[in-house]
Amino acid sequence: GEARDEKYSDFAEIYSIYLLKQFHGQGSGFMLLKALFSDFIKTGHDKCYVWVLNDNVFTHFYERTGAKNNGDTRKDTIGKIEITSLCYEWKNLILP
């Protein structure tokens, strides 16, 4: 949807993406991302970002689809646990 961070006001934002383990490695995530990007393009966006937990073992998925870790981080607290997220961005929403 629309970016929630002022710094990225001209980007679209992926708020959350999650696939059950049984769907990993089947191309489902790629197809979901491709559909999201198609919708973003229709709404006039040409770039996108997502916040990813810093200990997420699937950051390679974002990188394989062209996302770059831009170095921005943010800290949030969920319950009493502080988490750190990394910002990944796509400057091109056309996927092969």
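The values are calculated or read from the model by the stated rules, or taken from the named source; none is laboratory data. Keep in mind that this is a model prediction, so the values were computed, not measured. When we count neighbours, we look across all protein chains shown, and the Cβ atoms used for this are built from the backbone with ideal geometry, even at glycine. For accessibility, only protein heavy atoms count, side chains too; no ligands or nucleic acids. Shrake-Rupley method; radii C 1.70, N 1.55, O 1.52, S 1.80 Å.
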Practice prompt. Kindly sort Y49, Y18 by accessible area of their heavy atoms, largest first, with the probe set to 1.4 Å.
Written response: Y18, Y49
Item to complete: Compute the distance in nm between two label points, each set 7 Å from the Cα along the Cα-to-Cβ direction, one at T65 and one at A35.
Response: 1.2 nm
Worksheet item: In the range 54-90, which chymotrypsin sites (Phe, Trp or Tyr not before Pro) are in a loop and have at most 16 other Cβ atoms within 10 Å, using DSSP for the loop call?
Response: F58
Discussion item. Taking R0 as 41 Å, what FRET efficiency do you get between N92 and Q22 from their Cβ-Cβ distance, rounded to the nearest 0.05?
Written reply: 0.85
Worksheet entry | DSSP bridge pairs, the chain: antiparallel proportion in percent, nearest 5 | 85 percent
Item to complete: Assign unit charges at the C-beta atoms only (+1 for Lys and Arg, -1 for Asp and Glu), then state the dipole size of the chain relative to its Cα centre in Debye, rounded to the nearest 20.
Response: 260 debye
Discussion item. Multiplying the sequence separation of S9 and L53 by 0.36 nm and subtracting their Cα-Cα distance, what value in nm do you get?
Written reply: 13.7 nm
